[in-house]
Every structure is written in C-alpha cells, then in structure tokens.
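Asker: The following block contains the structure, expressed as structure tokens.
The values are calculated or read from the model by the stated rules, or taken from the named source; none is laboratory data. All figures in this text were calculated on a predicted structure; none of them were measured in a lab. Note: ideal-geometry Cβ built from the backbone for every residue, glycine included; neighbour counts use all protein chains shown. Quick note on the areas: whole protein, heavy atoms, side chains included, nothing else; ligands and nucleic acids left out. Shrake-Rupley method; radii C 1.70, N 1.55, O 1.52, S 1.80 Å.
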Amino acid sequence: MNSFNQKLNKLPKNVQEFFVSMKAAELNSLICKENNILENQSLNFLEIINKLFFKELEIVNLEKEIMQSLGSDIIVAKKIAEMIVGVRLLIVDDWFGGEAVKYLEKNKIAISKYQKYIKEQQEAIEKEKDYFAQELNDDFQEYVPPTPKEEEIKPRAYNPQKEKEDSKEIFSGMLSCFLADHVNPFLEDYNHNLILLFNEDNAFKIELERLLFMNGEMLTHASFEIDGHPQSPTIGNWIQNFIRYNGSGMFSNLALTKYITDSENARRLPPEEKRLVQRLLQLYRNIKFFPESLADVPVEDWEIIPVNKESQNVLARKPIGLPMTEEEKKIASLKREEEEYSAGGLERLAIEEEIRGNKKLEDLKIEMNKYAEGSLERMVVEEEVKKLEAVEVRSKNFYGISRY
C-alpha cells in the first residue's frame, strides 16, 4: 500500500490538513485514552481512521468495523464511534456529504458537544501553517551574527510542564526530523530534559511510548507489509512489525541487527532508510525499557533519541578509500555473474540467495567489531557468523555451485 500517499494527495487540501496534522495525532491519542483502546490495538484504530477519510469505510458501518477490528462489544463500539465522528469527522463533514451530522442526530447526540474540537483544530492548523511558513522563511534568511546584547540572553529556564507538552507534539507528528541523518545541535539538551522528565514522571514516559506507537509519520518509502497485508511504512507500523518479528521483551543490538538484515520489510530498504529504522528502534528501546536499556552506558552518555554518531551506527558506512572486505568482493563478483543468467532461472536464484547471505555476513562482522576480543557480546556475534558461514557452504553444495 505504497498508495497511502497517492490516496492522501487525492483528498481536498483542507481535508488533508485535518487528517494528518499534529493536532489530529493528539486527538487520536485522546480517543484511545478515553476509550481504553490498548497499545496493541492502536494500529487497528488508526486503520479505521484511514479508511474513513479515504472513503473506504462508510460512517453507517463504523460501529460494526470497530467491533470487528477492536473486539469491542456494541456499547463500547457506539461510544468509540461517537467520538470518532464528533472529534475527527465533524470538522470536514462536507467531505462526507453531511453523514457525520446525520449519524450524531440519529443517535440523539448534540452537535454542540463537539464544537470545541472543531475550534481547537482550526486554531491548531493556523498555528501549524504559521510555524512552517516561518521555518520556510528562515531557510532563506541570510545569517546575521548575534549582537553582544543578544549573546547575553540567558537560555530558557527548564519548565517541566512546557517540556512535556512540546514532547507530546514532537512524538505525535514531528519525530522523523529527530531521527534523520543530519546532526541536530539541540538533541543533546533535549535528551537531557527527557531523562529528567522520565525520572520524575513514569506516566509521562508511558504516554510518549503510546504516542510512538500511534505516530502516523511516513518513515520509509519501499513496500511494507504486516502479516502479509500491505500497510503504510509509518513509525508506528515499523515498531509493530519489529515486535511481531522479535517479541515485546528487551532486545540487544544483535537482535536489532538481525532484524535490519533479515526481515522482509527492512531488507528492501536503501542504507539511509535502514539507519532511520535502526534509530527508531533504538529510541523505542530507550523509552520502553528505561532505565534498564541504558544500564551498561555511563550516565554522562545517556540519551533517549539516538544522536547521529557514526561510531554508534549498527550499519555504519565504510570510509571512502578503505579496501573492500572479502564479503564485499564476493558480492561485487556475484552481481556481475548474476547478469549472465535470465531472471527466474535456478542459477540466478542461487546467486541472489548467495548475495543476501554475504550481505548478512558483512553486517554481522560490522557489529562484531564493535566489541572487544573475548567479550561475551563478541562471542555471541561470532557464533552467529559461524552459523551463517556454515549455511553458505551447505547452500553452495546444494546448488552445485563453486565460485571461489
């Protein structure tokens, strides 16, 4: 369903704004919280919202869809449906041909009950427009060095409540820019504030984790599936896919590397998007399992959102000019040989499988070199390398192929 963006682009501009705004993500979270929609149900909830806005689900069938997707009884389904219609759909009822108002009137629900949400969204959209317009304008402004008076301005005082509200906005719809490859000069201070807030308020940590699961930002571009069904490659969906692949418990860097190199969804990605997914999952681990996730890290190096440091990158690029590893040489040779065979043939399939194996070996050896000789972590990765090398030998023997 790489068609998500295509469908989104077909919506009227004002409908798009109210569908995917930061305020929309906040309201989705509110509906889930008010109706005790569990964390593992949040993706099904978001899919219902998507279907409604894309007109793949009619409002008259909403209660039935909620019962099927969320496992709710009819009483709970009616309550959820009412909030969805009043909070999310009423503001763009023209798009739905007046069906939102008809639904509320049919169920004897006063329209005035939800007028405040319409006002809140309208104001939020205007603020977002002003914000992004200013950001765009700033990009074209010539840099002017600060005057001595400006330099004397003290940094903003730490305000826990303001930090929490800002963080909720970031984790609802602005997180991708913090995961990007560029260096963010504000990230160190922000990480410090998050750690303070987590230590002071565990409920806030849980709230950010919830927003992370519900985040609908598109993180990657390649095709993406969950349980064999096409889905949008959003931040929330990537976390859900990882949990289904690896389980919901605490996980190591090795488990993360195996997911990036072995899972069907991650294998399709170019290197720069693999790094995005890697950072996202590190972020998920740092929040979900805080402070256990940082137990082996010096306190002065603690971070919640991974900082862009090459030495910390599981999939670090090799500096230009270094000689190719044996695996890289094999992959280059195999790709040249692959061109000699027709697509779908046994020979080409065997070569493609061997290329995947060598790529896995290369990634595991990068991970292995992060650990000291004789350490437990290195021995675990070395064992995985030996197993994979043994599989490669058996594969060559099976296909009757000898290349080296």
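Asker: Scanning segment 122-135 for residues that are acidic (Asp, Glu) and loosely packed, with under 12 Cβ neighbours inside 10 Å, which turns out modelled with the lowest pLDDT?
Answerer: Glu135
Asker: Another one. Among what's in segment 220-244 and is open to solvent by 10 Å² or more (accessible area, probe 1.4 Å) and touching a Ser or Thr at 6+ places or on another chain (Cβ under 8 Å), pick the residue that is farthest from Leu294 (Cα to Cα).
Answerer: The qualifying residue farthest from Leu294 (Cα to Cα) is Pro230.
Asker: Taking the residues in segment 267-293 that are touching a Phe, Trp or Tyr at 6+ places or on another chain (Cβ under 7 Å) and either among the polar types (S, T, N, Q) or part of a helix (DSSP H, G or I) (or both) as candidates, determine which candidate is nearest to Asp363 (Cα to Cα).
Answerer: This residue is Val277.
Asker: Let me ask you something else. With (1) farther than 24 Å from Ser172 by Cα; (2) of a type in the set (Ser, Thr, Tyr); (3) touching a residue at least 12 places away in the same chain (Cβ under 8 Å) as the list, and Ser112 as the residue in question, which single condition is left unmet?
Answerer: The one condition Ser112 does not meet is (3).
Asker: Could you go through segment 176-184 and let me know if any residue there is surrounded by fewer than 21 Cβ atoms within 10 Å (Cβ to Cβ) and closer than 21 Å to Leu43 by Cβ.
Answerer: yes
Asker: Which condition number does Lys258 fail, the rest of (1) at pLDDT 90 or above; (2) more than 27 Å from Asn28 (Cβ to Cβ); (3) of a type in the set (Lys, Arg) being met?
Answerer: So the condition that Lys258 fails would be (1).
Asker: In addition: Given the condition assigned to a helix (DSSP H, G or I), within 14 Å of the chain's Cα centre (by Cα) and aromatic (Phe, Trp, Tyr), answer yes or no: does some residue in segment 249-266 qualify? Steps first, please.
Answerer: Just the residues of segment 249-266 that are assigned to a helix (DSSP H, G or I), to begin with: 253-262, 264-266.
Those left that are additionally within 14 Å of the chain's Cα centre (by Cα): 260, 265-266.
Right, trim to aromatic (Phe, Trp, Tyr) and you get none.
The answer is no; no qualifying residue exists.
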